[in-house]
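S.K.: Structure incoming, see below.
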Amino acid sequence: MNKFFTTLAILLTVVSFKLTAQGTFYPQRNYDSSINKGIVFGIKGGVNLPRLYYTNSYLKGLPQDLVFGLTGGIFVEFPLFDILAIAPEFNYQQRGGATHYTYEQYYDVKYQLQAGYLSLRVPLYCYIPVSKKIQPYVFLAPDLGYVVNGNISLSQLRQPKQSGQPELDITGSNIAVSDANINRLYAGALGGVGVRTNIALSSFTLVIKTEAALNWGFLDTFSKKEHQETAISTNVHAYNMQGKRYSRGLEVQIGFGFISNGVDGCGHFTYHKSKRK
């Protein structure tokens, strides 16, 4: 948690610095506010590397297995000032995680949760004026979501008690998240960095955005039924529902948008090279 808030603090500092620097390090003659009219319509997609964070000391010590989730959606970006923009987006996000452990020396247990969310995000972008075509940026956003699908799987492999004997049996379960009664709501924050590229075409300007971000959930994903150990598939042996479980993840996305050529599509500022006297 401390690392994430440190990241947020750094991003907020950068945003504040750029706002101040607009009038200090970048003279006003380098900006043309009249072009700040380009609304970007686009789609985006990528991968999410989700993980589950536990507050319980035992569960926190379990290994985090690598899993991949999909993410994608639509966005509309509205310029606010020369270097600021707001871009509401509606997307689908796969969250969750996986772990494994050994129970009573003879049971190898594997657990995986994957849940699909419909999410609404409203990121605030702060662009850094590097050139007219390439614009690095930082962004922060509230992130709200609701579970619409997914499943929870758990398998047990009972190993032989003596060497040389065959494996005895494998048991497991796979149920929908709606039956597992996990917390259906998600609320968190999103922060990251990216690069925007503008390519002028004959009838419109193509906008390409590549970004990486950390998503950080604030709500416990365990439901009351899971805490009461009445939800199937998760109440098995050492996997007890003590403490809280949060959804976290690292996501990488690429977005494609367009601006009508009725408006200068090269971003939120025009960059002019200053002539030395």
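S.K.: Of the numbered conditions (1) in contact (Cβ under 8 Å) with a residue 40 or more places away in the chain; (2) in contact with a strand residue (DSSP E or B) (Cβ under 9 Å, 6 or more places away or on another chain), residue 100 satisfies every one except a single condition; which is it?
M.R.: Of the numbered conditions (1) in contact (Cβ under 8 Å) with a residue 40 or more places away in the chain; (2) in contact with a strand residue (DSSP E or B) (Cβ under 9 Å, 6 or more places away or on another chain), the odd one out for residue 100 is (1).
S.K.: Looking at residue 85, is it modelled with pLDDT under 95, surrounded by fewer than 19 Cβ atoms within 10 Å (Cβ to Cβ), out of contact with any Leu (no Cβ under 6 Å at 6 or more places or on another chain) and hydrophobic (A, V, I, L, M, F, W, C)?
M.R.: Criteria not met by residue 85.
S.K.: It is to be established whether one or more residues within the range 55-76 are more than 19 Å from residue 151 (Cβ to Cβ), at pLDDT 95 or above and basic (Lys, Arg).
M.R.: Checked against the condition, which is being more than 19 Å from residue 151 (Cβ to Cβ), at pLDDT 95 or above and basic (Lys, Arg), the range 55-76 yields no hits at all.
S.K.: Let me ask something else about it. Here's a check for you: in the range 88-122, which residue that is at pLDDT 85 or above and outside any strand (DSSP E or B) is nearest to residue 61 (Cα to Cα)? Write out each step before concluding.
M.R.: Keep residues of the range 88-122 that are at pLDDT 85 or above, which gives 88-100, 110-122.
In the following step, the residues that additionally are outside any strand (DSSP E or B) were identified as 88, 122.
Values: 88: 37, 122: 34 Å.
Looking at residues that are at pLDDT 85 or above and outside any strand (DSSP E or B), I get 122.
S.K.: Still on this structure, I have one more. Condition test on residue 145, is it more than 17 Å from residue 252 (Cα to Cα) and either acidic (Asp, Glu) or crowded, with 19+ Cβ neighbours inside 10 Å (or both)?
M.R.: Working: more than 17 Å from residue 252 (Cα to Cα): yes; either acidic (Asp, Glu) or crowded, with 19+ Cβ neighbours inside 10 Å (or both): yes.
Yes.
S.K.: Can you work out which of the residues in the range 158-216 that are basic (Lys, Arg) and in a loop (DSSP other than H, G, I, E, B) is modelled with the highest pLDDT?
M.R.: Step one: list which residues in the range 158-216 are basic (Lys, Arg), which gives 158, 161, 184, 196, 209.
Within this subset, residues satisfying the condition of being in a loop (DSSP other than H, G, I, E, B) are 161, 184.
Details: 161: 59, 184: 92.
Step by step, filter the range 158-216, then rank; the result is 184.
S.K.: Report, by residue number, each residue of the range 220-262 that is over 30 Å from residue 41 (Cβ atoms) and either at pLDDT 95 or above or part of a strand (DSSP E or B) (or both).
M.R.: The first filter runs over the range 220-262 and keeps only residues over 30 Å from residue 41 (Cβ atoms), leaving 220-246, 248.
Within the range 220-262, 236, 239, 245, 246, 248 meet the criteria.
S.K.: Taking only the range 168-218 into account, find how many residues are acidic (Asp, Glu) and within 14 Å of residue 137 (Cα to Cα). Give the steps one after another, and end with the answer.
M.R.: Filtering the range 168-218 down to residues acidic (Asp, Glu) leaves 169, 179, 211.
Those still in the list that are within 14 Å of residue 137 (Cα to Cα) too: 211.
So the count comes out to 1.
The values are calculated or read from the model by the stated rules, or taken from the named source; none is laboratory data. Computed from a prediction, not measured in an experiment: that's the story for all the values here. Heads up, the Cβs are rebuilt from the backbone with ideal geometry, glycines too, and the neighbour counts pull from every protein chain shown.
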